[in-house]
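**Q** Pasting in a structure now, in structure tokens, and then I'll have a few things to ask.
The values are calculated or read from the model by the stated rules, or taken from the named source; none is laboratory data. Values in this document were obtained by computation on a predicted structure and should not be read as measured data. Glycine also receives a Cβ, built like all others from the backbone with ideal geometry; neighbour counts cover every protein chain displayed. When the accessible area is computed, the model is the full protein with side chains, heavy atoms only, and any ligands, DNA or RNA have been set aside. Shrake-Rupley method; radii C 1.70, N 1.55, O 1.52, S 1.80 Å.
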Number of protein chains: 2
Amino acid sequence: MANVVQGVSSPYGLHRVLEPAGVLPQQAWRLDPDPRPWPDEVVVDVERLNLDAASFRQLREQHGSGPAVRAAVLDIVAERGKMQNPVTGSGGMLLGTVREVGPASPLGLRAGDRIATLVSLTLTPLRIEDGLQRWDGAGEQVPCRGSAVLFARSIAAVLPDDVPDVLALAVLDVCGAPALTDRLVREHRATRASAPSVCVLGAGGKSGSLSLAAARVAGAGRLVGVVPTEAEAARLRAAGLADHVAVADARDPVALAGAVGEPADVTVVCVDVPGCEHGAILATADSGVVAFFSMATSFPAAALGAEGLAADVRLLIGNGYVPGHAAFALDLFRSEPGVRALFESRS
Amino acid sequence: MANVVQGVSSPYGLHRVLEPAGVLPQQAWRLDPDPRPWPDEVVVDVERLNLDAASFRQLREQHGSGPAVRAAVLDIVAERGKMQNPVTGSGGMLLGTVREVGPASPLGLRAGDRIATLVSLTLTPLRIEDGLQRWDGAGEQVPCRGSAVLFARSIAAVLPDDVPDVLALAVLDVCGAPALTDRLVREHRATRASAPSVCVLGAGGKSGSLSLAAARVAGAGRLVGVVPTEAEAARLRAAGLADHVAVADARDPVALAGAVGEPADVTVVCVDVPGCEHGAILATADSGVVAFFSMATSFPAAALGAEGLAADVRLLIGNGYVPGHAAFALDLFRSEPGVRALFESRS
């Protein structure tokens, strides 16, 4: 095994990489999921996987039936030692209980802590032990018995007592989006002395509704939420998170820009389908910023789209890590009943 | 033809889209390259295409020989009415002479102006009329006779008298990178009252050398240039654009971070090969920013990489358009002899 040969662990998990040698775990084809911790590691008894939405969508489209999707996930994890969809490149996160803590782990966890991992499954050594027999393959939340490994520089949140697990996991899965939205709104206010208008694409979803709530708390101006259907629009209106709710297909730039109206200073893309880059750019004001939080985003489509539209906008790749993002998102969830209502309507 | 049926032109070129209907030209599979201008359009006699580096690399890898690469480009343009590599999604730019200006064009061009287009070939209607017989398929600069169309919201730069065409085209092709680097350095100085250190990956190339020069002029602190070979390192040292020149494979995060040393406040990625996302993030300081200017960048690799490394860095998709970028880059080229030396060594 790589860890026996190498003899030294890395805070980034280099010692768990089996193939190809010398790359970081996320880039690796195959990791070593051995559930014995290195001195700076934590081993977790897995209870539930939460697959990335783009990954689950792709698996469902490719494999069709629930049992076939389940078999595909089992094959991936057995082959790679981690749950990383080979097509989308994305993974998800997991919930579990700390089984064992290495003596040199800096994460502050204790055996018995119930946690959610906030690093991606794409770099988390994972072994599945129950054949996913309690999962029907029809939803992205996967009941699972197995083991996972956290490195010294991993991130995990101890689960709160006052929020049901399924909801907490759903909140933590997307907690980077509201944290970055908060920062962007505050930066705009600080540097331009005005309240930015904010447009959220996919505003009825998990990351979208939290981003709307974060924008309002941070002092945004006009808040526009875009959803694909009238049914979602009705739910979003009832939640009271946006000043204006628009129904549009975010993949249709011309229709989207028309539905949004006045271009926004900050646009947050939370739609998990490909092809929303141009619409997001067209919906954004000159000198504005677009934060892409969908793993279905195409880098060249975004870069060339802005150039082709002669759009002077800043384009951000949504970074899932912002210090304090877990507590921030859970607080929004607790304090904004509209967010909770939308989460519960989707679970 | 679409333009006859539709009857109204769009500043974004919607009237040139043949398939699928209703999308923007960059997203379209096929455009109408008819060289008769709509009232707000400009038609250009093409002299030279400059293929995007990632696209050319892919074509060369897939097709091997020069004649096969040439045939592939001809096939793409005949099929799609534009030069957009179906694999990379990227295109390039072109140089030519204005043939005809529609009476309602806002671009300020006149017939006879020699120009370079600063919007991508991926959205520029193009017809090739000479079978590319003057091109051997061995380089990304393609002598070409044909016609292209600019829309009302396109961008074109009139070519300077004092810089040879080939060099001017090469500068204009990458002028977004130095312009954004300039902005990032100035923003850091304004908001944090310190001179940011800047690391450029692919610093011996066109966008890399211009970005180093832009960083210095904007008042950056320590400048690190990373190149893949000792030969390139010698040229970059001779050019005098960096304080420290490091040799490393940017696809190897651990080696790269070691070569860079102290992480940079601003990292600019100008390497046209896949797999540089994690290295760029590891080489960047917490609260720093990474600007990705390579079309080979993977959105999920960057997003998940930052999360997996628990890196609080801002990730930017390099937008090829910044107002004034063409004149800015040409001025850098004129004023920094080291930049010119590197450009000439590569052409």
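**Q** Would you mind working out the accessible area per residue for segment A:157-209, using a 1.4 Å probe, and quoting it in Å²?
**A** Values: 1740 Å² over 53 residues.
With all protein chains present, segment A:157-209 gives 33 Å² per residue.
**Q** Give me P(r) over segment B:146-239, computed from all C-alpha to C-alpha distances, binned every 5 Å, as integer percentages.
**A** Taking all Cα pairs of segment B:146-239, the binned fractions are 2, 12, 18, 18, 18, 13, 10, 6, 2, 1, 0 percent.
**Q** Nearest 5 percent is fine: what portion of the DSSP beta bridges confined to chain B is antiparallel? Please list the in-between numbers first.
**A** Numbers: 28 of 49 bridges.
Beta bridges within chain B, antiparallel portion: roughly 55 percent.
**Q** Rounded, prolate or oblate: which one fits the protein assembly as shown, using the alpha carbon gyration tensor with axes a ≥ b ≥ c (rounded when a/c is under 1.5, else prolate when a/b beats b/c, else oblate)? It would help to have the intermediate numbers written out before the result.
**A** Numbers: a/c = 1.73, a/b = 1.39, b/c = 1.24.
Verdict is prolate for the protein assembly as shown.
**Q** Follow-up question, since we're still on this one. Just how much of B:Y12 is accessible, in Å², when a 1.4 Å probe is used and the result is rounded to the nearest 10?
**A** 60 Å²
**Q** Once Lys and Arg get +1 and Asp and Glu get -1 on their Cβ, which of B:L132, B:V87, B:P178 lies farthest toward the positive end of the dipole of segment B:43-192?
**A** Most positive-ward Cα: B:P178.
**Q** Further, regarding this structure: Roughly how many debye, to the nearest 20, is the charge dipole of the protein assembly as shown about its Cα centre, given +1 on each Lys and Arg Cβ, -1 on each Asp and Glu Cβ, and no other charges? It would help to have the intermediate numbers written out before the result.
**A** Working: 60 positive and 76 negative charges, 87 e Å.
In total the dipole reaches around 420 debye.
**Q** Taking a label point 7 Å from Cα toward Cβ, how far is A:E79 from its twins in the other copies, in nm, shortest first?
**A** 2.7
**Q** Any chance you could give the angle, 0 to 90 degrees and rounded to 10, that helix A:299-308 forms with the longest Cα principal axis of chain A?
**A** Orientation of helix A:299-308: about 20 degrees from the principal axis.
**Q** While we're here: Could you please state, rounded to a whole Å, how far the C-alpha centre of segment B:50-65 is from the C-alpha centre of segment B:258-295?
**A** Using only Cα atoms to place each centre, the spacing works out to 24 Å.
**Q** Ok, one more. Once a ≥ b ≥ c are taken as the square roots of the eigenvalues of the Cα gyration tensor of segment B:40-188, is the result rounded (a/c under 1.5), prolate (a/b larger than b/c) or oblate (a/b not larger than b/c)?
**A** On the way: a/c = 1.71, a/b = 1.18, b/c = 1.46.
Taking the square roots of the gyration eigenvalues as a ≥ b ≥ c, segment B:40-188 is oblate.
**Q** Roughly speaking, what % of Cα-Cα pairs in chain B are separated by over 31 Å, rounded to a whole number? Before the final figure, lay out each step's value.
**A** On the way: 20752 of 60031 pairs.
Summing the P(r) of chain B above 31 Å gives 35 percent of all pairs.
**Q** In the protein assembly as shown, what % of DSSP beta bridges are antiparallel (nearest 5)?
**A** Restricted to the protein assembly as shown, the bridges split so that about 60 percent are antiparallel.
**Q** If the only charges are +1 at each Lys and Arg Cβ and -1 at each Asp and Glu Cβ, what is the size of the charge dipole of chain B around the Cα centre, to the nearest 20 debye? Could you put the intermediate results ahead of the total?
**A** Values: 30 positive and 38 negative charges, 69 e Å.
In debye, rounded to 20, chain B gives about 340.
**Q** Given a 1.4 Å probe and no ligands, DNA or RNA in the count, how much accessible surface is buried by B and A, both sides, to the nearest 100 Å²?
**A** On the way: alone 14530 and 14520 Å², together 24300 Å².
Using a 1.4 Å probe on protein heavy atoms, the buried area is about 4800 Å².
**Q** While we're looking at this one, here's another question. Pairs of Cα atoms under 8 Å, at least six residues apart: use those to get the relative contact order of segment B:8-75, whole percent.
**A** Working: 47 pairs, mean separation 11.9, N = 68.
Relative contact order, segment B:8-75: 17 percent.
**Q** 7 Å along Cα→Cβ for the label point: how many nanometres lie between B:T191 and each equivalent label in the other copies, listed shortest first?
**A** Counterpart label points of B:T191 in the remaining copies fall at 0.5 nm.
**Q** Let me ask something else about it. Going by alpha carbons, how many degrees (0 to 90, nearest 10) lie between the helix axis of A:176-192 and the longest principal axis of chain A?
**A** Here the helix axis deviates by roughly 40 degrees.
**Q** When each copy gets a label point 7 Å from Cα toward the beta-carbon at A:A21, what are the spacings between them in nm, shortest first?
**A** 5.9
**Q** Compute the Cα gyration tensor for segment B:171-316, then decide on rounded, prolate or oblate, letting a ≥ b ≥ c be the square roots of its eigenvalues: rounded whenever a/c is under 1.5, prolate when a/b is larger than b/c in the other cases, and oblate in all that remain. Don't skip to the end; give the middle numbers.
**A** On the way: a/c = 1.35, a/b = 1.07, b/c = 1.26.
Rounded.
**Q** Follow-up question, since we're still on this one. For chain A, find the longest principal axis of its Cα atoms and tell me its angle to the long axis of helix A:53-63, 0 to 90°, nearest 10.
**A** Once rounded, one gets 70 degrees.
**Q** Ok, one more. Is there a quick way to get the dipole size of segment A:155-312? I mean about its Cα centre, with the Cβ of Lys and Arg at +1 and of Asp and Glu at -1; what is the value in debye to the nearest 20?
**A** On the way: 10 positive and 18 negative charges, 69 e Å.
The calculated dipole for segment A:155-312 is roughly 340 debye.
**Q** Compute the distance in nm between two label points, each set 7 Å from the Cα along the Cα-to-Cβ direction, one at A:S287 and one at B:A238.
**A** Placing both labels 7 Å beyond Cα along the Cβ direction yields 4.4 nm.
**Q** Given the rotation that superposes chain A on chain B, what residue of A brings its beta carbon nearest the axis, and what is the distance in Å?
**A** Of all Cβ atoms in A, the one closest to the rotation axis yields A:F299, 2.
**Q** Which residue, chosen from B:A302, A:V268, B:A285, occupies the Cα position most advanced towards the positive end of the dipole of the protein assembly as shown, where the dipole is computed from +1 (Lys, Arg) and -1 (Asp, Glu) charges on Cβ about the Cα centre?
**A** B:A285
**Q** How much of the accessible area of the protein assembly as shown, in percent, comes from carbon and sulfur atoms when a 1.4 Å probe is used?
**A** Values: 12540 of 24300 Å².
For the protein assembly as shown, the apolar C and S fraction of the accessible surface comes to 52 percent.
**Q** Continuing with the same structure: Relative contact order, percent, of chain A when contacts are C-alpha pairs under 8 Å separated by at least 6 residues? Walk me through the numbers on the way to the answer.
**A** Working: 807 pairs, mean separation 49.0, N = 347.
For chain A, the relative contact order is 14 percent.
**Q** Now a separate question. Output wanted: per-residue J couplings in Hz (rounded whole) for segment B:31-46, from phi through Karplus 6.51 cos²θ - 1.76 cosθ + 1.60, θ = phi - 60°, x for Gly and Pro.
**A** 10, 8, x, 3, x, 9, x, 6, x, 9, 9, 10, 10, 10, 7, 6
**Q** Tell me the label-point distance for the pair B:V8, B:A138, using the 7 Å Cα-to-Cβ offset, in nm and rounded to one decimal.
**A** Result: 5.2 nm between the two label points.
**Q** Ranked by accessible surface with a 1.4 Å probe, highest first, in what order do A:F343, A:F328 come?
**A** Result of the area sort, largest leading: A:F328, A:F343.
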